[in-house]
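Read the structure below first, then the notes.
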């Protein structure tokens, strides 16, 4: 389907991004999956190509492209033609906006140039053992000691946990309020900050995911983002964009699975003819094609809403729900159409299947997305109970 939200300059940018991911990322994918993390140098190469923080101001070294469509293109092209475990989306579209949106002029000048060049890799640490998506149940604490904050606690399932140089850590600063959180920028090498083991996962083998530990970490006051008790509100403010990023990734993965399967059924033969010539294959792929086009149209509309600063929480939740659930159905059907080959890791569809399972969990589970959408409909027990 032709997508009408992109202008000629976007398509030129897409061509350039695609060449980068094909030439600089894809050839290393297998090695990165085996070692469990990408090479640090790929962030620097992406930075030199202008693919990191495209929206950042020129004074920090950015391109000042205040248009989320460019970030959307980068996410799509990396998944389709690069390596999904290269979390350029987390670095540029999820974590860096916290620094740009909440940071002081001094903080932005100190951190953004390195993030744009790829010399500083970013991560965000919210999830804790036993708490999951419940931010109000967070146990990590930060105590005001006058000239610094004293941070204690642990985090888990942290993407880029091994590679990150700067980690935005959420911790409780007001013990009397379940929403009294602060956001602290922890820098590599701070005494008391330790990285746990790299966690083994079902999919996303090239994406390093880790446990992080904070034992009496002295965090300078100049490393606090915004007000030290408003972290919950800040996290809520950025969640709509985070969920749209997840939705874009799910759609790109689903479309990639569809494309490679369409080619596979045209070439693989059974009972004397291509398996794509069987009615079942045609009907399955036709149904998926229709669903993909419909969902992509909605996701693209959400991108335009984000550009207009009009993307609501329930719209972002719907985008994340629809796309992640569709991704799951698409990869499952595509593995089936591959037959036994679909179960072999050498075939990309097998990896897409394994990678897709987390999409219905991270950035808020499908169940949480339904709760948000339901509340947007006024179906809140506090209002109608």
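The values are calculated or read from the model by the stated rules, or taken from the named source; none is laboratory data. As the structure is a prediction and not an experimental result, all values here were calculated from the model. Here the Cβ positions follow ideal geometry from the backbone for every residue, glycine too, while neighbour counts run over all protein chains shown.
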Only one residue in 288, 204, 212 is closer than 22 Å to residue 334 by Cα and in the same structural domain as residue 141 (by TED's automatic domain parsing). Which one?
204
Whichever residue in the stretch 22-45 is closer than 28 Å to residue 108 by Cα and in contact with a helix residue (DSSP H, G or I) (Cβ under 6 Å, 6 or more places away or on another chain) and, among such residues, is surrounded by the most Cβ atoms within 10 Å (Cβ to Cβ):
38
Looking only at the stretch 140-163, how many residues end up being part of a loop (DSSP other than H, G, I, E, B) and in contact with a strand residue (DSSP E or B) (Cβ under 6 Å, 6 or more places away or on another chain)?
4
The one condition residue 135 fails out of (1) farther than 19 Å from residue 235 by Cβ; (2) within 22 Å of the chain's Cα centre (by Cα); (3) surrounded by 14 or more Cβ atoms within 10 Å (Cβ to Cβ); (4) touching a residue at least 60 places away in the same chain (Cβ under 8 Å) is (1)
Matching residues in the stretch 317-351 - criterion: being at pLDDT 95 or above and in a loop (DSSP other than H, G, I, E, B)
344, 347
Filter the stretch 253-269 for residues that are over 15 Å from residue 330 (Cβ atoms) and touching a helix residue (DSSP H, G or I) at 6+ places or on another chain (Cβ under 8 Å); which is surrounded by the most Cβ atoms within 10 Å (Cβ to Cβ)?
268
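Residue by residue, here is whether (1) within 24 Å of residue 242 (Cβ to Cβ); (2) out of contact with any strand residue (DSSP E or B) (no Cβ under 6 Å at 6 or more places or on another chain); (3) exposed (fewer than 15 other Cβ atoms within 10 Å of the Cβ); (4) not assigned by TED's automatic domain parsing to the domain that holds residue 315 holds:
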{"residue": "347", "(1), (2), (3), (4)": "no, yes, no, no"}
{"residue": "360", "(1), (2), (3), (4)": "yes, yes, no, no"}
{"residue": "367", "(1), (2), (3), (4)": "yes, yes, yes, no"}
{"residue": "372", "(1), (2), (3), (4)": "yes, yes, no, no"}
If I ask for residues that are surrounded by fewer than 22 Cβ atoms within 10 Å (Cβ to Cβ) and touching a strand residue (DSSP E or B) at 6+ places or on another chain (Cβ under 8 Å), which ones from the stretch 50-93 would you list?
90
